[in-house]
Amino acid sequence: MKLYLAVAVLMLAFVAYTEAQEETIEQRFATFRDQMAEMSKNLAEKAKTTFEQFQTSDLAVNSQNWFREQYESLKAKVGEIGQ
């Protein structure tokens, strides 16, 4: 009888201890919010870095120069026609 009582008391103590260790819903949402904020910050930094690398890439620079040259030649042709 004393053994059953001791086991029951130990089980109650264990349950009380584990319940005290669990996070509340508010704490879980706060943790989730912090994780999402960190993830979105990292994503924004990576996107910014990628965009900056693309702007300085050879493809972007060459394309920009080509479009500028085409615009200038078209502008010169329109200027010749208008005179």
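Here are the numbers for this structure:
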quantity: Residue pairs meeting the criteria (Cβ under 8 Å; at least 6 apart or on separate chains; first at pLDDT below 90, in the stretch 39-67; second open to solvent by less than 100 Å² (accessible area, probe 1.4 Å) and assigned to a helix (DSSP H, G or I)); calculated: Phe54/Ala60
quantity: Single residue of Ala76, Ala20, Ala16, Ala6 found to be modelled with pLDDT of 90 or more and either on the phi > 0 side of the Ramachandran plot or of a type in the set (A, V, I, L, M, F, W, C) (or both); calculated: Ala76
quantity: Qualifying residue in the stretch 46-69 (condition: hydroxyl-bearing (Ser, Thr, Tyr) and open to solvent by 100 Å² or more (accessible area, probe 1.4 Å)); calculated: yes
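The values are calculated or read from the model by the stated rules, or taken from the named source; none is laboratory data. Everything numeric in this text was worked out from a predicted model, so none of it was measured. FYI the Cβ positions are ideal-geometry reconstructions off the backbone, even for glycines, and counts take in every protein chain you see. To get the accessible areas, we keep the full protein, side chains included, count just its heavy atoms, and leave off ligands, DNA and RNA. Shrake-Rupley method; radii C 1.70, N 1.55, O 1.52, S 1.80 Å.
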